[in-house]
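The values are calculated or read from the model by the stated rules, or taken from the named source; none is laboratory data. Bear in mind that the values here come from a model prediction, so they are computed numbers and not experimental data. Cβ atoms come from the backbone with ideal geometry, glycine included; neighbour counts cover every protein chain shown. These area figures cover heavy atoms from the full protein model, side chains too; ligands, DNA and RNA do not enter into them. Shrake-Rupley method; radii C 1.70, N 1.55, O 1.52, S 1.80 Å.
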Amino acid sequence: MKKQSVFERIAAAPYVAWSAMFIIGPLLFVVFFAFTDANGSFTLDNILSLPSYSHTFGISLGFSLIATTICLLIGYPLAYCMSRMSERARNVLTILMMLPMWISLLIRTYSLMALLDNGGLVNGFLTGIGLPKVTFIGTEGAVILGMIYDFLPYMVLPIYTSMTKLDRRYLEAASDLGCNSVQTLFKVVLPLTMPGVISGVTMVFVPSISTFYISQKLGGGVFDLLGDTIERQFQLADTYYIGAAISLVMMILILISLAIMNKFSDGGEDIIV
Amino acid sequence: MNKEVLIRLNGISKAYDGETVLDHIDLEIHDKEFMTLLGPSGCGKTTTLRMIGGFETPDEGDVFFDGKRFNDVPPYQRQVNTVFQRYALFPHLNVFDNIAFGLRIQKRPDAEIKTKVKDMLALVNLKGFERRKVSTLSGGQQQRVAIARALINQPKVLLLDEPLAALDLKLRKDMQNELKNIQHQTGITFIYVTHDQEEALSMSDTVVVMAHGQIQQIGTPTDIYNEPINAFVADFIGESNIVDGIMLDDYRVKLAGHIFDCVDKGFGKNEPVDVVIRPEDVDVVATEKGMLRGLVTAVTFKGVHYEIIVDVKGFKWMIQTTDFVAEGETIGLSIDPDAFHIMKKSEFSGMFGDYSSFSDELEKLSDVTEEIEEE
Ligand SMILES: Nc1ncnc2c1ncn2[C@@H]1O[C@H](COP(=O)(O)OP(=O)(O)O)[C@@H](O)[C@H]1O
Ligand SMILES: [Mg+2]
């Protein structure tokens, strides 16, 4: 590796300081609390108590995997179609995709709640046409729908970006070598847009597995996800320690899944043009 | 050439945003022919090739393949393969998988794919490169992978779009020979695009010279060189002095104030014409023996010969001679009757042929800009 010049080091200093304070610092605190008890002495009790939360880990992982998969199944074809539209249509759709990202997630979740509530718009419509009400809030479906609704743009945009970067010549070469459009999609487009898929999956999976307000608002308090548990532990001041342990394990889980995905796309970095 | 016509372009026109790029192209390509589309950058060569490959549809006119109308047949259903201008090798596949791509799509058995890829790698001199990533290959190697990837499908026609443009001179020469050999060995029809006239002349059975979206001339390399149809072709192919002349009668042409014997006929009496005289066809003689007389304004040593610029009554000629003459010397020029090539006046008359602004450096500069434009 190239040796850094003095100037480069000075220029990087503020960033290093910032990272130390706001990224490394909190991480260290998490690790610290995860391995200490109320007296501040080292203990493994926090970690060892985690098996009693295995149900929470289970449903969090399950919900976020389902939400991520559905986002991918909706997002990939959507991004593919967008990339093949006329420039105007493309720009309009991109704005439509980005617009919700400018609104606070919390507000978006509340608005979905307003739609799905027992006295909400959807049920109002259903009763209006003479159908019975449906209870959405408090079901698995509502929580997963909330995740999809909140995070879908984060799946579409990176995939769309890698689609637009995809050189047309590769598509022409595939066609030249005998691929119809479906074969081109699977043999060329999909592998070459893998980097976009990886970042899309990451950007949906990570917030999904750590969310707490979606399950609180749309789950009606029925589901205790990882985020809810951590939040509660931190809110009840003297149980920082369990919360930190859960956070630590969750972080490790996320890192492992990211590593697996990167392996899966092996050589992905060469593809990014 | 009596071989059957494989591809026929019939009155093909194409415009982008109202800008005409191809203007009624008529072209017949014969089986097993090595045909080259030659012309300056932007004249429509690539577009013509893409019509044959199926990547563009003509606004007007028809493409026939083996006598069948082909306009709306998509590329993947054409027995045509392409070596793209910058190769377009798949970055996610290694050399083996790139070359095997077409056969895999055809769902050929693995054993067959293995042998064929091996044969192809041998053909393009890349034995042992199977597992290499394409991004680690040099330009010349990538280019050969691109050729192998196309050839393995045993197409009827191989389209090559400036495949050697990115290579340095030495490698380019080697690859020209290799391509020519491959074409002989496989018997596949090659349609080759280049803006390099030397490449076109040395490789092709037939050269198609294009300018401004129109075909100027179709012929063998010898025909194109010796009998250019107009000033554009004469200027584009090799060096030439293109002089205004008047055809006094059959076999008699007047230029630069002198009446010469020539071997051309069939023009009107006193018809104004363009006359081509190649630099190597002018003899330097003693002043009193010369048909024309001129002042040497520049001398460049070229190894085999000297290239001199001679001012004859204000028109600068380029002449190649093995005798040394000095700058500032007045010399006589003598031209044999069969050295004249007479052409009808055309839209290109007067645009080319004078070497008054000529210098080697300028020529090199313009080559470089051309290459940059290609990028
Ligand atoms: N897809 C396109 N859209 C607009 N203009 C194009 C397109 N393809 C080619 N052209 C234009 O058509 C002309 C001919 O292009 P091309 O066939 O690539 O020339 P050549 O291969 O001889 O250099 C150029 O002026 C080019 O800018
Ligand atoms: Mg071109």
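Could you tell me whether B:K107 is more than 14 Å from every other protein chain (Cβ to nearest Cβ) and charged (D, E, K, R)? No.
Here the stretch A:144-198 is the region considered, the condition is being open to solvent by 30 Å² or more (accessible area, probe 1.4 Å) and not in a helix (DSSP H, G or I), and the residue that is nearest to the other protein chains (Cβ to nearest Cβ) is A:N180.
Considering only residues in the stretch B:186-221 that are small (G, A, S), touching a residue at least 24 places away in the same chain (Cβ under 8 Å) and open to solvent by less than 40 Å² (accessible area, probe 1.4 Å), the one that is farthest from ligand 1 (Cβ to nearest atom) turns out to be B:G187. B:V63 satisfies every condition listed in (1) touching a residue at least 24 places away in the same chain (Cβ under 8 Å); (2) within 14 Å of chain A (Cβ to nearest Cβ); (3) farther than 20 Å from B:I152 by Cα except (2).
Conditions (1) open to solvent by less than 10 Å² (accessible area, probe 1.4 Å); (2) within 22 Å of the chain's Cα centre (by Cα); (3) away from ligand 1 (no atom under 16 Å from the Cβ), marked per residue:
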position: B:P58; (1), (2), (3): no, no, no
position: B:V83; (1), (2), (3): yes, yes, no
position: B:E112; (1), (2), (3): no, no, yes
position: B:K133; (1), (2), (3): no, no, yes
position: B:Q141; (1), (2), (3): no, no, yes
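The residues listed here are B:V73, B:V63; of these, the one that is part of a loop (DSSP other than H, G, I, E, B) and more than 18 Å from B:L164 (Cα to Cα) is B:V73. Counting only strands (runs of 3 or more DSSP E) wholly contained in the stretch B:2-59, the ones carrying 1 or more residues that are without any contact (Cβ under 8 Å) to a residue 12 or more places away in the chain and more than 21 Å from B:D72 (Cα to Cα) occupy B:19-30. Could you list, in sequence order, the residues of the stretch B:289-305 that are closer than 24 Å to B:G245 by Cβ and open to solvent by 50 Å² or more (accessible area, probe 1.4 Å)? Within the stretch B:289-305, B:K289, B:M291, B:R293, B:L295 qualify.
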